[in-house]
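Participant: Below is one structure. I have some questions about it.
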Amino acid sequence: MHKPTPGVIASLVLSMFAVLLSGLAFLAVTGVLDAGKPISRDFELQAREYLLQNPQIVVEALQRLEQRKLAAETNELQTLVAERSDEIFSDPEAPVGGNPNGDVTLVEFFDYNCPYCRKAAPILQQAVDEDRDLKLVYKEWPILSPGSEFAARAALAAHKQGQYGAFHQALMGFPGRISESSTLTIAGDVGLDVEQLKRDMQDPAIANAIERNRTLANDLRITGTPTFVVGDEIVRGLVDLATLQRFIADARDKPED
């Protein structure tokens, strides 16, 4: 964490002083202070001098304010996750890995061209391999390129052939950029009927599924990939296996409704 510069601290001090005066004015309006007895100039000078001599108070106050703001946002998102739990954890159209009847569900929003999603793929596989009661839900969320969009539709079409898992892993393991041509090449390599895949990709249900994921991600204020949802927590960005397992354990301690 970077330490604030003297100029920044001075600016914060003055801002805090302005807030202090505003707060005193509010107290006068509400009757807590006697509006007929104006705040003395001496008090203003003393308050200003105190803040200038103790700038750490400003930093501490701002840190507490940020902590309260973060806590409020976290509570709001946890409430939203609970309200939208069926869409997040139990969408019948979403592909599933691991144990479909697991006692904890881990959801991933991802893009096949996201390098961090590719790094997350073996971590997720290891989490599933080591936890027989973990259900993994895949949320196709192509945000990086037209190739990502094509691959997402192809993956959902592969689900119709019962090969979503193998195709998903092959796409995540591909060393180059995912495009239309590379997607179809990978589809052939894993044994998919490519012509049938192309036809199935035109199913409006596939486009609707991706659009639902986009809407859901936006409502959950998800801004990047990968993002995970487990229990009532939204985990943003790549995390290691131990961290992921801690979130899973916490969710297991707080069973889903």
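Participant: Could you let me know the centre-to-centre spacing of the stretch 185-257 and the stretch 132-156, using Cα atoms, in angstrom?
Facilitator: Between the Cα centre of the stretch 185-257 and that of the stretch 132-156, the gap is 6 Å.
Participant: Determine, for R153, R177, R252, the number of other Cβ atoms within 10 Å of each Cβ, and report the residues in order from fewest to most. Provide the component values of the computation, followed by the final result.
Facilitator: Values: R153 23, R177 12, R252 17.
Fewest-to-most ranking of R153, R177, R252: R177, R252, R153.
Participant: Let me make sure I get this right: for the stretch 86-253, a, b and c are the square roots of the gyration tensor eigenvalues over alpha carbons, sorted descending. Under 1.5 in a/c it's rounded, otherwise prolate if a/b > b/c, else oblate. Which is it? The partial results should precede the final answer.
Facilitator: Working: a/c = 1.60, a/b = 1.53, b/c = 1.05.
Prolate, because a/c is 1.5 or more and a/b exceeds b/c.
Participant: If you take the square roots of the eigenvalues of the alpha-carbon gyration tensor of the stretch 179-227 and sort them as a ≥ b ≥ c, do you get rounded (a/c under 1.5), prolate (a/b over b/c) or oblate? All intermediate terms of the calculation are to be shown ahead of the outcome.
Facilitator: Working: a/c = 3.78, a/b = 1.85, b/c = 2.05.
Note, shape of the stretch 179-227 comes out oblate.
Participant: Taking the simple approach of a point 7 Å from Cα along Cα-to-Cβ for both N218 and V190, what is their distance in nm?
Facilitator: 2.8 nm
Participant: Between Q126 and D240, with labels modelled 7 Å along Cα→Cβ, what's the label distance in nm to one decimal, could you check?
Facilitator: Taking the simple label geometry, Q126 and D240 are separated by 0.9 nm.
Participant: Here is a follow-up. Multiplying the sequence separation of A82 and R177 by 0.36 nm and subtracting their Cα-Cα distance, what value in nm do you get?
Facilitator: Length gained, A82 through R177: 30.6 nm.
Participant: List, in order, the whole-Hz ³J(HN,Hα) value for each residue of the stretch 97-110 obtained from phi through the Karplus relation with A = 6.51, B = -1.76, C = 1.60 and θ = phi - 60°; use x for Gly and Pro.
Facilitator: Calculated HN-Hα couplings, in order: x, x, 8, x, 10, x, 7, 9, 10, 10, 10, 10, 9, 8 Hz.
Participant: While we're here: If we count every other residue with Cβ under 12 angstrom of E140's Cβ, Lys/Arg +1 and Asp/Glu -1, where does the sum land?
Facilitator: Taking every Cβ under 12 Å from that of E140, the sum is -2.
Participant: A 25 angstrom limit on the alpha carbon distance is what I want to check against. Which of K119/K198; K135/K160; K119/K254; K135/K254 exceed it? Please list the in-between numbers first.
Facilitator: Details: K119/K198 28 Å; K135/K160 20 Å; K119/K254 28 Å; K135/K254 16 Å.
Those over the limit are K119/K198; K119/K254.
Participant: Please list 3J(HN,Hα) in residue order for the stretch 117-129, calculated via the Karplus relation 6.51 cos²θ - 1.76 cosθ + 1.60 where θ = phi - 60°; whole Hz, with x for glycine and proline.
Facilitator: Residue by residue, the stretch 117-129 yields 5, 5, 5, 6, 4, x, 5, 5, 4, 5, 4, 5, 5 Hz.
Participant: Still on this structure: According to a simple spin-label model (label point 7 Å from Cα along Cα-to-Cβ), what is the distance in nm between D42 and S90?
Facilitator: 6.9 nm
Participant: So for the stretch 157-257, averaging the separation of alpha carbon pairs under 8 Å that are six or more residues apart and normalising by length, what relative contact order in percent results? Don't skip to the answer; put the middle values down first.
Facilitator: Values: 57 pairs, mean separation 18.0, N = 101.
Relative contact order here is 18 percent.
Since every read-out is calculated from the coordinates, none of them should be taken as a lab result. Predicted, not measured: the structure shown is a model, and the values here were computed from it. Backbone-built Cβ (ideal geometry, glycine too); neighbour counts: all protein chains shown.
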